Amino acid sequence: MTAPLYAQEETAPPTEQMADTTPAPEAPAPEAAEESTSAGEAAYKEFMAGPEGAMFAVNNLWILIAAALVFIMHLGFSAVESGMCQKKNCVNIMFKNVFIVCIGALTYMLWGFKSMYPGEDWLVNGIFALGKPLPNSIADGEIVANMTSAYANYTYWTDFIFQAMFAATAATIVSGAVAERVKLSSFMIYATILVMFFYPITGSWKWGLGWLDKMGFYDFAGSTLVHAFGGFAALAAILVLGPRRGKYTAEGVKPVLPHNLPFALTGVFALFIGWFGFNGGSVLSADPAGVSRVFVTTAMAGFAGGLGATFFSWIVIKKPDLSMGLNGILAGLVGITAGADVLGTWVAVAVGAVAGILVVIAVLVFDKLKIDDPVGAVSVHGVCGVFGTLAVALDGSHSVLTQLIGTLSVGAFAFVASLVLFLILKVTIGVRVDAQEEEEGLDVAEHGAPAYTD
């Protein structure tokens, strides 16, 4: 997903270049202005009419379709989270998902994109860059540089919208983990800061050609930079928030049953469809060999994860558990995301199967530790994100140590940043609803309307 370095550099507008050094020029005659405005457009049309134009259009179209597929993943997250939780909190969960994708895309436009892909504009080289708003339009002189293959296999606008669809997923991972007891206003503040400031920082370390990229760390589409980031941020939030009331008793763990497993299944399948855009779009072109290979490794890892979790959980808990199978599919998809373009097809199956087994173990261990994660988000995204990143080394050309340093660095940053932010919110405005609201359900307490009327 790394954009070319030069693609993120900007030329200062003429008014900034000439400020306080030369007198303002006279306004050009209307004919001259018209010629200047049409020059870039004419060059763009000439490029599109040439031999490279057709392939460029195909590449660009595929990345736009992939962006739309990634957007569909937010529908999947909404359905999985609400289906796996109690019906009295369904509206609250869906509201959070609506808010996250809206605020995520807009804050990425305002700050995140330029912070994550700074080009040469690092504040601290390779570690941190200031963000700034996306330009309102592309100047005529920059049309060829930003709207043709001189930029990449896609246009500047396509680059932004594809990355923007990724941005909100980290906060969505946290949404499921803190469901059914988090205070809505606090979560909205938390999600905004997480996706606007924290996610672009670690993203820049690799995809913005920062320090992790320079040391050889590899994460094709985000097992660490998206999933482990969200998983460890979620873990910190859970620890501050505490478990749902009545989940852990003196007699042991009291299961909180999902209210709509068909809804959860629909959400997982929607996520699976979206993952073809998530991973397939990260090829950053419509290259037939590259995209088709990534589709196969992604799909096979997801299927293997579903089977691995299904049969392993059947052995451990003595019953075939649908929710474990669903999380196994997601675990396999998370696990292959870092190496979908470099791992072999049967290696992808093995990675997916192991991820499916790991997610079952992680869910049971977190319950033993009384860490309440209603949808298994930390297990799926955090644990399997780390595993998938390490599994990249199975291709024989990447270092396990480098992969370990990369995934632990991102996970540690996400955990500490999330912990500090959630603690600040806890001591200022509070992060948890009161006992009565939790018992009543957040749909009525926070929104004044239930999801179901019967």
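The values are calculated or read from the model by the stated rules, or taken from the named source; none is laboratory data. This one's a predicted model, so the numbers in the text were calculated from it and none came from an experiment. Cβ placement follows ideal geometry from the backbone for every residue including glycine, while neighbour counts extend to all protein chains displayed. Calculation scope for accessible area: heavy atoms of the full protein, side chains included, ligands and nucleic acids excluded. Shrake-Rupley method; radii C 1.70, N 1.55, O 1.52, S 1.80 Å.
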Built amide H within the under 5 Å cut-off of PHE128, gap 5+
LEU123
Gain on full stretching of the segment that runs from VAL98 to TRP346 - 0.36 nm per residue minus C-alpha separation
85.5 nm
Residues whose modelled amide H sits under 5 Å from the amide H of ARG432, counting only those 5 or more places away in sequence or on another chain, are LYS183
Calculate, in nm to one decimal, what ALA68 and ALA150 gain on full extension: separation in residues at 0.36 nm each, minus their alpha carbon distance.
27.1 nm
Once you put a point 7 Å from the Cα of ASP454 and another 7 Å from the Cα of LEU61, both along the Cβ direction, what distance in nm separates them?
4.5 nm
Assuming R0 = 60 Å, what is the FRET efficiency of ILE315 and SER38, from their Cβ-Cβ distance, to the nearest 0.05?
0.30
Surface accessible to a 1.4 Å probe, MET55 within the full protein complex, Å²:
100 Å²
On Cα atoms only, tilt of 30-49 relative to the major axis of the chain in degrees
60 degrees
Ranking TYR117, TYR248 from most to least accessible area with a 1.4 Å probe gives TYR248, TYR117
Considering the zone a paramagnetic label at LEU369 would reach in this model (a point 7 Å from Cα along the Cα-to-Cβ line), which residues of the stretch 227-245 have amide N under 17 Å from it?
228-244
Convert each backbone phi in the stretch 303-316 into a coupling constant with the Karplus relation 6.51 cos²θ - 1.76 cosθ + 1.60 (shift: θ = phi - 60°), then list the ³J(HN,Hα) values in order as whole Hz, x for Gly and Pro.
5, 5, x, x, 5, x, 5, 4, 6, 5, 5, 4, 5, 6
Provide the gained length on full extension for the span VAL400 to LEU257, in nm with one decimal, where the gain is 0.36 nm per separating residue minus the Cα-Cα distance.
47.6 nm
Would you list ARG245, ARG293, ARG181 from the most to the least accessible area, probe 1.4 Å?
ARG245, ARG293, ARG181
Of the stretch 264-299, those with amide N under 17 Å from the point 7 Å along the Cα→Cβ vector of LEU322 are 264-271
Would you mind computing, in nm to one decimal, how far apart the modelled labels at ILE424 and SER292 are, each placed 7 Å from Cα along Cα→Cβ?
5.1 nm
Per DSSP helix of 4 or more residues, -39500 (n - 2.57); summed, then divided by the residues of the chain. What does that give at 222 nm, rounded to the nearest 500?
-19500 deg cm²/dmol
Listed peptides 376-386, 255-265, 105-115 by packing density, highest first (mean Cβ within 10 Å):
376-386, 105-115, 255-265
Quick one: Karplus J couplings for the stretch 50-58, per residue in order, coefficients 6.51, -1.76, 1.60, θ = phi - 60°, nearest Hz, x for Gly and Pro?
x, x, 7, x, 5, 5, 4, 5, 5
Under the Karplus relation 6.51 cos²θ - 1.76 cosθ + 1.60, θ = phi - 60°, what is the ordered set of whole-Hz ³J(HN,Hα) values for the stretch 75-80, x standing for Gly and Pro?
5, x, 4, 4, 5, 4
Let me make sure I get this right: for the stretch 119-170, a, b and c are the square roots of the gyration tensor eigenvalues over alpha carbons, sorted descending. Under 1.5 in a/c it's rounded, otherwise prolate if a/b > b/c, else oblate. Which is it?
oblate
Dipole of the chain, positive end: most advanced residue of GLY344, ILE193, VAL386 [Cβ charges, Cα centre]:
VAL386
Label-point gap, in nm, between LYS214 and GLU437 - each point 7 angstrom along Cα→Cβ
4.6 nm
With a 1.4 Å probe and every protein chain left in place, tell me how much accessible area LEU390 has, in Å² to the nearest 10.
50 Å²
Packing-wise, with mean Cβ within 10 Å as the measure, how do 42-54, 298-310, 412-424 rank, highest first?
298-310, 412-424, 42-54
